[in-house]
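What follows draws every value from the coordinates through simple rules; no lab data is involved. No experiment lies behind these values; they were computed from the predicted model shown. All Cβ positions, even for glycine, are placed from backbone atoms using ideal geometry, and neighbour counts span all protein chains on display.
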Amino acid sequence: MSVLKIKYVLILILSCMTLAAQNKPHLNIAENYENLNVEREGNTYEIRLSKGKHYEFLVLQQGIDVEVILEDSSGKELIKMDSPNGAHGYEKFEFQSVANANYTLKIKPFDLKVESENNIISILIRQLSKKDLKRRELIRKELEIENKKNVQTLDIDHFWQAFDLLKTCKSKSDSIRIIQNSYLDRATSGFKEFMRVRSRQLNAENFVRTISKYPKFYNSIRENSYKVKEAEPLIEAVFKNFSQLYPNFKPFKVCFAIGTIGTGGTTSDNFVLIGTEISTATAYNDLSEFEGSSKKSSLAYKGDFVQKLKNIVAHECVHTQQKRGLAKTAVACHLLQSCLREGAADFIGELVAGGQINASALDYGDAHEKMLWASFKSELCNTSHSGWLYNYSEVKDKPADLGYYMGYKIAQAYYNNAENKQQAIIDIIEMDNPFQYLEQSGYDQKFQKN
């Protein structure tokens, strides 16, 4: 090959490389890029960042789960982000540039649905001002006192502040940013745990979707949600009662936050996490947006909602004390084990708080107990829980979650038949051998006598 031809080839290669670089889309700081399609091989963008400046990267997943990678000009990976929020919500990180340089932002899909209208993301990169950084420090200081409390309620205030700001929004993206910045970014340590445990529910996009669907309901529970703050001493009393009842009590905290009508209560390693919009809802709130939905009956509580709060907290408290695994000699039996755990939480929670969160199930269960036990007994080791647990959307002609009732009655029988009541409480909470526990309760035997 002649020297002239070699030069020509080199020029062609360099030209192609330059063209490729030029074809890499450039993202401007503070410009909102909405509804971008995610390509099968991923999306790659170029960003110019300034030395010493702080930047916030927001990649909103709108139906597709992505991984976000930031690289320097040499291709070195600086940040890789994949939050456990699935296909919705933000992938979010901050970065301080060490040079005036071009950086590469890569968006890689995990599960691209071919020709789907939901393979969509939005991108916003903004420089954090001194005011922004000062605000972060103020938030940190604001949360210091709250994060030390046994009962955290500050997230309720933050929610309603964000809720009121939604009126000023002109687009869905504006609304999502308001929820993210004014509510989720100001989360207490407990609410951060809540978002981690329920990441698919508690993300900014889902909040905007749910609030827009049920605005009357949210407005109607506002007053009750503020009353949670007045109930703090009563919740502290639940802790005290529990520690007196159960000698092996391990301390924990409670966080009340407002969610997306998906979880009334759950737990993490150190927290009982309460969905305040569900736990404070009553039949006297505006439930008109739930007409025809099975969720309406679960929200239409007719008693004292402060007592309801105590009942929910006590129930979830029990879950923080229960053993997670089984004894080495125990036979794994999924449905039985799950119902015994939930029923134990109902039974012990009732002793602690003086109330029962599943009263309607108790009334129905007591009227049909023998029939329910025969049916439950026939499928003790079923791997599917749908017939007995978490089935509000499926059950029409009877109360949902009757597995709670069965577990409650077995715990009640165990307690009533025990000579040492305090040891019975320990056994019920620390149950790790379902079949042995069922046998010792004597519950099945009472039906064999009849």
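Can you return the aspartates and glutamates within cross-link range of Lys328? Criterion is Cα-Cα under 14 Å, with same-chain partners fewer than 8 residues away left out.
Within the straight-line limit of under 14 Å, Lys328 reaches these aspartates and glutamates: Asp432.
Using only the alpha-carbon atoms, what does the chain span along each of its principal axes? Please give whole angstrom values in decreasing order.
103, 52, 44
Which value in deg cm²/dmol, rounded to the nearest 500, describes the helix-derived mean residue ellipticity at 222 nm for the chain, given -39,500 (n - 2.57) per DSSP H run of n ≥ 4 and division by the residue count?
Details: 19 runs with 211 residues, N = 450.
So the helix-based figure for the chain works out to -14000 deg cm²/dmol.
Give a residue-ordered list of calculated ³J(HN,Hα) values for segment 263-272 (Karplus: 6.51 cos²θ - 1.76 cosθ + 1.60, θ = phi - 60°; whole Hz; x for Gly, Pro).
Couplings: 9, x, x, 7, 9, 10, 4, 10, 9, 9 Hz.
Give me the angle, in degrees from 0 to 90, between the Cα long axis of helix 3-23 and the longest principal axis of the Cα atoms of the chain, rounded to the nearest 10.
40
When Ile79, Ile312, Ile125 are ordered from fewest to most other Cβ atoms inside 10 Å of their Cβ, what list results?
Arranged by neighbour count, lowest to highest, Ile79, Ile312, Ile125 become Ile79, Ile125, Ile312.
Can you tell me the Rg and Dmax of segment 109-255, counting just the alpha carbons, in angstroms?
So, for segment 109-255, Rg and Dmax equal 18.7, 60 Å respectively.
Under unit Cβ charges (Lys, Arg +1; Asp, Glu -1), what dipole magnitude, rounded to 20 debye, does segment 138-321 have relative to its Cα centre? Let's see the in-between values first.
On the way: 27 positive and 21 negative charges, 61 e Å.
Here segment 138-321 has a charge dipole of around 300 debye.
Quick one: helix 172-182 against the long Cα principal axis of the chain, what's the angle to the nearest 10°, folded into 0 to 90?
70
Mind putting a number on the dipole of the chain about its Cα centre? Charges go on the C-beta only, +1 for Lys and Arg and -1 for Asp and Glu, and I need it in Debye to the nearest 20.
1160
Under 23 Å from the Cα of Lys108, which lysines turn up, not counting those fewer than eight places away in the same chain?
Lys24, Lys76, Lys80, Lys92
As I understand it, the value is the acute angle between the Cα axis of helix 130-147 and the longest principal axis of the Cα atoms of the chain; what does it come to in degrees, rounded to 10?
The angle comes out at about 10 degrees.
Could you grab the relative contact order for the chain? Cα pairs under 8 Å, six or more apart, rounded to a whole percent. Let's see the in-between values first.
Values: 737 pairs, mean separation 50.4, N = 450.
Relative contact order for the chain comes out at 11 percent.
Mind jotting down the distance between the C-alpha centroids of segment 185-225 and segment 47-89, whole Å?
Segment 47-89 and segment 185-225 have Cα centres spaced 24 Å from each other.
If the reach is capped at under 30 angstrom between alpha carbons, list the lysines near Lys370, excluding any in the same chain fewer than eight residues apart.
Lys295, Lys296, Lys302, Lys308, Lys323, Lys396, Lys398, Lys409, Lys421, Lys446, Lys449
Dipole of the chain (Lys/Arg Cβ +1, Asp/Glu Cβ -1, origin at the Cα centre): which of Ile121, Ile261, Val313 lies farthest to the positive side?
Ile121
Jot down the per residue volume, in cubic angstrom and as a whole number, of the convex hull over the alpha-carbon atoms of segment 19-100.
Per-residue hull volume (Cα only) is 110 Å³.
Among Ser97, Gly407, Ala87, whose Cα sits farthest toward the positive end of the charge dipole of the chain (+1 at Cβ of Lys/Arg, -1 at Cβ of Asp/Glu, about the Cα centre)?
Ser97
Skipping prolines and chain starts, which residues have an amide H placed within reach, meaning under 5 Å, of the one on Lys253, given they are 5 or more residues away or on another chain?
Sorted by chain and number, the residues that satisfy this are Phe271, Val272.
Toward the positive end of the charge dipole of segment 334-449, about the Cα centre and with charges on Cβ (Lys, Arg +1; Asp, Glu -1), which of His368, Asn433, Gln337 goes farthest?
Farthest towards the positive end: His368.
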